[in-house]
Amino acid sequence: MHAMWMLVTETIKCGSKLSTDVLPQRERTHCYHKTNAPIEKPEFSTISQHKEPLWRWFCELEIGHPSRNIIEKIFLASTTNPSKQRRTIKKVLRVNNTIDMLEKFEKYRETVKKRSFGQYKNHPRSTVDGNELLQFHVTTMNCCYKHMKINPDELCKDPSCCVCRLIQSSFKTLYNSKNGIQLNTNSDVPCEHANRVSKGKNVKRAVIVCRTIAGRVVRKDDVKLDEEYDSISIASGLHSWSQYLIVKDSSAVLPCFIIVLD
């Protein structure tokens, strides 16, 4: 699964090593129409309301697209119960991260690597690449129902659409700032917070596939007040092999794909 994921990140360029190839490529995905807006840093906040610059946030990967096929395989291979009836994949969207978002992600990686080199001698992965992991964030999406096409140049204005609010704020929401960003190694783990926030007939379950700089990970039961760490690992219920990862810094998470379920 890791090999498939590395192939996707290198092919699609969802933020590998400050790649400048972040604009949608022609004749590859269903991007609806072209925008000639310059690359700017969106002034995003979940607290203040600023006008967002024109930016093509999403590209839909059509059925049969090579990258969609790989993402679907990764999604299906990451379920907690493969024998259970699977939800139908409605859409797969590629997230077009701005250059500033990519720089923020890579800058955080370098910070973790430098800190690990000096302090965490027993954590070589953190020294090499910041301990980058493939993680899933299970949430909901309101603007992707049957009779509505996603506008790739805009994020919806619905305050209860978790996907658009997370992308808009780069995961820096009030809830995440207080509780940390909850990620998982499995793609079908329910998100209690999203279920409380978003309810209704047009709400779809969505899974955000993320590149994550986990850094030094400690188990929840082993956390000490004077100890430095980057993420907390929590065993999920009866499945001790299913791990939640609570990430403290929103800069550690780079959303790459969104899987919308029926």
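Taking each residue of the range 83-105 that is among the basic types (K, R) and looking for partners that are part of a helix (DSSP H, G or I) and at pLDDT 90 or above with beta-carbon atoms closer than 6 Å, six or more apart or interchain, yields K104/S251. Is it the case that some residue within the range 156-163 is at pLDDT 75 or above, more than 14 Å from V260 (Cβ to Cβ) and either of a type in the set (G, A, S) or surrounded by 22 or more Cβ atoms within 10 Å (Cβ to Cβ) (or both)? There is at least one residue in the range 156-163 that is at pLDDT 75 or above, more than 14 Å from V260 (Cβ to Cβ) and either of a type in the set (G, A, S) or surrounded by 22 or more Cβ atoms within 10 Å (Cβ to Cβ) (or both). Among the residues of the range 233-260, those that are part of a strand (DSSP E or B), aliphatic (A, V, I, L, M) and modelled with pLDDT under 90 comprise I234, A235. Against the condition surrounded by fewer than 23 Cβ atoms within 10 Å (Cβ to Cβ) and modelled with pLDDT of 75 or more, how does R196 come out, does it pass? When the stated conditions are applied, R196 does not pass them.
For the range 199-213, taking the residues that are modelled with pLDDT of 90 or more and either in a helix (DSSP H, G or I) or over 13 Å from V260 (Cβ atoms) (or both), the one that is farthest from the chain's Cα centre (by Cα) is identified as I213. When each of L166, L174, L225 is tested for being modelled with pLDDT of 85 or more, surrounded by fewer than 16 Cβ atoms within 10 Å (Cβ to Cβ) and among the aliphatic types (A, V, I, L, M), the lone residue that passes is L174.
The values are calculated or read from the model by the stated rules, or taken from the named source; none is laboratory data. Everything numeric here is computed off the predicted structure, so don't read it as measured data. Cβ sites come from the backbone with ideal geometry, for glycine too, and all protein chains shown count toward neighbours.
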